[in-house]
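*Asks:* The structure is given below, and queries will be raised subsequently.
Coordinate-derived values only; no laboratory data. Please read these numbers as outputs of a predicted model, since none were measured by experiment. Because the Cβ atoms are built from the backbone with ideal geometry, glycine has one as well, and the counts that use them run over all protein chains shown.
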Amino acid sequence: MLTPLGIWPSVTNALSSRLTAEVRREGTRWVQEYARGVALGPPAAGGRATGSGTTLTFWPDAEVFDTQECSFAALEERFRELALLNRGLSISLTDERPARRSEPARSVHFRFPGGTRDFVALLDAGAGTPVHPDVVRLEREDRRMAGTVEVAMRWSGSRDERVRSFANSSPTPQGGAHVAGLHDGVAAAIDACARARGPARGQDPWPGPLPTGEGLTAVVSVKVDRPRLHGPTRGELAGAAVRAGVEAAVREGLSTWLEEHPEQADAILRRTGRRAG
């Protein structure tokens with residue numbers, strides 16, 4: 001398929017009765033037409049072009065979908081998510097369909113300089129007062145998993161754990177190896193910090209492993225060449241290398257952050273039961 005965007009345009013192509021791919025590259029506009037995933041001809045030069053980029057225009061297949069109308073709300077939610085996961089990326093969404101009387105024309109624009117930090121702040125809204133002001137963010141490349149890991153997290157007074165996980169910017173609602181690695185790394189970093197500080201005055205000796213998830217809001221996002229997705233809806237990420245890579249990144253990154261922010265570290269230790277309140 002005439003596009004540098006990876007596998008997802010091919011999926012869209014297969015589910016469309018018609019699709020037009022336009023690529024602007026090196027001063028030339030290239031166009032290729034498809035019908036139900038089959039190319040109607042080779043890419044053809046469509047004139048001169050300024051700049052570079054890719055435009056896909058598609059018509060959902062009525063033989064596949066019950067409705068061919070795209071939901072603005074669903075697209076808005078997904079594009080906001082993508083902008084949060086990819087720091088600095090700008091995404092605009094405009095509804096150019098004829099406006100209904102009860103529904104004015106809509107247009108939204110997303111760009112989040114804080115990326116996953118902003119994501120955690122949004123997830124934390126209404127979750128109670130944060131126990132420490134700063135959102136912890138770390139990013140690292142790991143050769144074992146042949147990719148990168150990015151994590152942002154903060155604890156609040158809520159009793160719930162809110163963890164959102166992604167592989168190559170796609171949601172993994174069943175979690176998997178990257179979420180397990182997050183929990184492993186958080187527990188190791190907090191336990192090490194508590195042991196290094198020793199028990200507070202009047203506190204019992206080291207109580208042993210304790211849960212760290214209560215009140216935790218986190219986003220864990222990995223980008224790998226060949227994600228191993230399991231489950232009926234392919235919503236669970238597998239891979240021992242992914243778990244090990246995320247665990248190491250979180251353990252080392254969070255440990256460094258706790259050392260550099262002693263007052264906030266104390267608040268986290270109290271919240272996770274490692275230190276008396």
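*Asks:* With +1 on the Cβ of every Lys and Arg and -1 on the Cβ of every Asp and Glu, and nothing else charged, how large is the dipole of the range 116-271 about its Cα centre, in debye rounded to the nearest 20?
*Replies:* 320 debye
*Asks:* For a quick protection proxy, order the peptides 40-46, 260-266 by their average other-Cβ count within 10 Å, most packed first.
*Replies:* Descending mean neighbour count gives 260-266, 40-46.
*Asks:* Something else: Figure the gain on full extension for residue 67 and residue 97 (residue separation times 0.36 nm, minus the Cα-Cα span) and round it to one decimal in nm.
*Replies:* So the extension gain works out to 9.3 nm.
*Asks:* FRET efficiency for residue 25 and residue 125, Cβ-Cβ distance as r, R0 = 45 Å, nearest 0.05?
*Replies:* Rounded to the nearest 0.05, the efficiency is 0.60.
*Asks:* Same structure, new question: If r is the Cβ-Cβ distance from residue 170 to residue 226 and R0 is 22 Å, what FRET efficiency results, to the nearest 0.05?
*Replies:* 0.95
*Asks:* Hey, with R₀ at 25 Å, roughly what FRET efficiency would residue 14 and residue 90 work out to, going by the Cβ-Cβ distance, to 0.05?
*Replies:* The pair residue 14/residue 90 has a calculated efficiency of 0.30.
*Asks:* Hey, in the GNM for the chain with a 10 angstrom Cα cutoff, which one of 107, 158, 17 fluctuates hardest?
*Replies:* 17
*Asks:* Using 0.36 nm per residue of separation minus the Cα-Cα distance, give me the extension gain between residue 134 and residue 74 in nm, one decimal.
*Replies:* 18.6 nm
*Asks:* Suppose every K and R has +1 on its Cβ and every D and E has -1 on its Cβ; what is the size of the dipole of the range 1-69 about the Cα centre, in Debye to the nearest 20?
*Replies:* With Lys and Arg at +1 and Asp and Glu at -1, about 400 debye.
*Asks:* Can you give the extra length, in nm with one decimal, that the chain gains between residue 195 and residue 105 once fully stretched, where that is 0.36 nm per residue apart less the Cα-Cα distance?
*Replies:* 26.6 nm
*Asks:* Another question, if that's okay. Peptides 83-90, 117-124, 63-70: what's the order by average Cβ count within 10 Å, highest mean first?
*Replies:* Descending mean neighbour count gives 117-124, 83-90, 63-70.
*Asks:* Out of all Cα-Cα pairs in the range 116-271, roughly what percent, to the nearest whole number, are more than 22 Å apart?
*Replies:* When every Cα pair of the range 116-271 is considered, 40 percent fall beyond 22 Å.
*Asks:* Rounded to a whole number, what is D in µm²/s for the range 214-254 from Stokes-Einstein with the Kirkwood radius over alpha-carbon pairs (4 °C, 1.567 mPa s)?
*Replies:* So the translational diffusion coefficient is about 109 µm²/s.
*Asks:* To continue, here is another question. Restricting to Cα pairs below 8 Å that are 6+ residues apart, what does the relative contact order work out to for the range 21-111? Please round to a whole percent.
*Replies:* 20 percent
*Asks:* A follow-up question, please. Output the Kirkwood hydrodynamic radius of the chain, Cα pairs only, in Å rounded to one decimal.
*Replies:* By the Kirkwood definition, the hydrodynamic radius is 21.5 Å.
*Asks:* Pick out, from 35, 148, 131, the residue whose Cα sits farthest towards the positive end of the charge dipole of the chain, with +1 on the Cβ of Lys and Arg and -1 on the Cβ of Asp and Glu.
*Replies:* 148
*Asks:* Through the Karplus equation 6.51 cos²θ - 1.76 cosθ + 1.60, θ set to phi - 60°, convert the phi angles of the range 118-128 into ³J(HN,Hα) values in whole Hz; use x for Gly and Pro.
*Replies:* For the range 118-128, the Karplus curve yields 5, 4, 4, 4, 5, 5, 6, 4, x, 8, x Hz.
*Asks:* Choose one of 219, 171, 55: the residue whose Cα lies farthest towards the positive end of the charge dipole of the chain (beta-carbon charges +1 Lys, Arg; -1 Asp, Glu; about the Cα centre).
*Replies:* So the residue furthest toward the plus end is 55.
*Asks:* Please state the charge dipole magnitude for the chain, taken about the Cα centre, from unit charges on C-beta atoms (+1 on K and R, -1 on D and E), reported in debye and rounded to the nearest 20.
*Replies:* Roughly 260 debye for the chain.
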